[in-house]
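The values are calculated or read from the model by the stated rules, or taken from the named source; none is laboratory data. Note that the structure is predicted; figures quoted are calculated from it, not measured. In this analysis, Cβ positions are derived from the backbone assuming ideal geometry, glycine residues included, and neighbour counts consider all displayed protein chains.
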Amino acid sequence: MDNLIVAQELNKVYGSKVILDNINLIVPRGSVFGLLGKNGAGKTTLIKAMLGLIQPSSGRIDLLGETPWLFSDRTKERIGYTPQSDQLYSWLTIGQLINYTASFYPKWNSKLVEKLMTEWEVSSQDRVGLLSEGQTQKVAIILALGHEPELLIFDEPVASLDPMARRQFLKTILEIVSDRDCTIFFSSHITPDLERVTDKVAILNKGQINFTGGLDVLKDEIKRLRITSLATLPNDLKIANTLSCEITDHLALITVRGFNDTLVADLKKRWNAEVTVEDLNLEEIFLELNK
Amino acid sequence: MQKKPKFYFQIHTSSGVPVYRQVMDQVKTQIALEHLPRGTFLPSVRQMSKDLEINPMTVSKAYSLLEKEGIVEHLRGQGMKIAQGPLPKKHLNVSQENLGPLIREVVTKAKQLSLGAEPLHKLIDEEWEK
């Protein structure tokens with residue numbers, strides 16, 4: 001099985017509100033997949049549908065080859081999940097909570113858990129109920145890693161972490177994917193984090209996927225053209241797949257999707273213009289796609 | 001003690017240039033500058049991914065494209081060996097092009113501050129000497 005998550009024409013509707021609108025998504029084995037979207041885009045709903053925590057209104061979704069709300073116990077063992085904010089048993093100490101969680105799994109890597117606790121500065125004696133939001137998130141992530149799942153799903157794992165802990169989280173992710181066969185799916189709106197560790201991304205906007213595929217492909221596909229022409233440029237410069245466009249007399253700034261060298265050559269010739277191609281980072285691309 | 005990366009790579013993950021291309025460009029630049037002589041090995045995918053804190057798939061992609069271009073050669077169990085002698089200096093243009101947008105930004109800033117070309121050159125010279 002090469003694709004661990006496959007969604008086809010997935011929809012989720014609450015009353016008259018469309019939360020997920022015809023989602024098609026493939027997460028190949030071994031990838032670090034980032035789901036990018038602003039607040040309210042539908043990221044959490046999509047993740048819940050993947051895990052069988054909600055039923056889609058129509059369409060289908062497969063995770064590890066099974067339909068999520070019919071997961072077998074064997075399949076559940078292969079998944080690790082951290083929700084956006086986790087309700088952990090507040091009266092336990094971290095050590096007790098870890099032992100309790102470990103008891104549910106046939107295999108549990110205590111060595112890994114201890115290593116992570118040291119690296120993430122989490123103490124087993126501390127009481128769960130007294131932890132800060134960030135500390136709670138760290139514990140929740142460690143709990144999802146202990147049984148060494150094949151598929152890890154994190155909903156906004158870094159949202160309440162400080163920069164040091166965020167960096168530590170990204171480092172841990174990279175160690176996991178280099179050390180063993182593991183696929184990681186996480187949602188975030190912190191673009192530099194996604195840029196650092198993901199190889200595939202999906203951009204979710206108002207319940208629709210605007211782009212899904214390789215992060216490199218996305219960066220190669222969307223470019224900003226700076227056109228300086230000797231002639232005055234028309235206000236409605238027609239270029240296919242324009243995402244945004246600003247024109248003042250001789251200068252035009254145009255962001256296009258589906259960039260290629262022929263386009264540049266054409267523009268140069270047609271407008272007797274100088275054209276420079278500017279690369280955009282993920283944040284800029286994200287903003288352009290959400291315009 | 002952690003082993004220091006043997007070669008100097010600097011990746012800007014938030015640059016618009018895809019990370020795999022930054023890795024490729026920098027390998028080429030270092031070959032052109034004779035920092036990486038023929039026969040030396042590139043760091044392993046794992047090591048490179050760890051040192052630069054980037055996805056191992058990205059490093060693999062850069063390495064396999066370099067292999068396709070005949071710049072490195074994959075030796076089973078040993079790694080990626082630099083297969084070519086010093087590359088023609090034209091590969092340095094790649095990094096010069098990257099400087100374009102940065103220079104434009106500096107010049108724009110200087111103009112906003114009504115700083116003339118002469119004082120700007122002086123500032124660059126000072127920075128250079130550091």
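Output the residues belonging to the stretch A:49-85 that are over 16 Å from A:Val6 (Cα atoms) and assigned to a strand (DSSP E or B).
If the condition is that a residue be over 16 Å from A:Val6 (Cα atoms) and assigned to a strand (DSSP E or B), then A:Gly80, A:Tyr81, A:Thr82 are the ones that fit.
Output the number of residues of the stretch A:199-217 satisfying the condition of being surrounded by fewer than 22 Cβ atoms within 10 Å (Cβ to Cβ) and part of a helix (DSSP H, G or I).
Here the count works out to 2.
Residues in the stretch A:252-272: is at least one more than 26 Å from A:Asn210 (Cβ to Cβ), modelled with pLDDT under 85 and among the hydrophobic types (A, V, I, L, M, F, W, C)?
yes
Suppose the filter is polar (S, T, N, Q) and modelled with pLDDT of 90 or more; does B:Ser64 pass it?
It is true that B:Ser64 is polar (S, T, N, Q) and modelled with pLDDT of 90 or more.
Using the structure shown, decide if A:Thr232 is free of Cβ contacts under 8 Å to residues at least 24 places away in the same chain and farther than 30 Å from A:Ile176 by Cα.
When the stated conditions are applied, A:Thr232 passes them.
When you check A:Val158 against the structure, is it more than 11 Å from chain B (Cβ to nearest Cβ), crowded, with 20+ Cβ neighbours inside 10 Å, out of contact with any Pro (no Cβ under 7 Å at 6 or more places or on another chain) and not aromatic (Phe, Trp, Tyr), yes or no?
yes
If you take the residues in the stretch A:177-189 that are within 11 Å of chain B (Cβ to nearest Cβ) and among the hydrophobic types (A, V, I, L, M, F, W, C), which one is surrounded by the fewest Cβ atoms within 10 Å (Cβ to Cβ)?
Checking each candidate, the answer is A:Val177.
Please go through the stretch A:92-119 and pick out each residue that is outside any helix (DSSP H, G or I), under 28 Å from the mean Cα position of the chain (by Cα) and surrounded by 15 or more Cβ atoms within 10 Å (Cβ to Cβ).
A:Trp108, A:Asn109
Among residues belonging to the stretch A:218-228 that are surrounded by 20 or more Cβ atoms within 10 Å (Cβ to Cβ) and part of a strand (DSSP E or B), point out the one that is farthest from the other protein chains (Cβ to nearest Cβ).
A:Ile227
Please go through the stretch B:27-72 and give me each residue that is in a helix (DSSP H, G or I) and either free of Cβ contacts under 8 Å to residues at least 24 places away in the same chain or among the aromatic types (Phe, Trp, Tyr) (or both), ordered by number.
Across the stretch B:27-72, the qualifying residues are B:Gln30, B:Val45, B:Arg46, B:Ser49, B:Lys50, B:Pro56, B:Met57, B:Ser60, B:Tyr63, B:Ser64, B:Glu67, B:Lys68.
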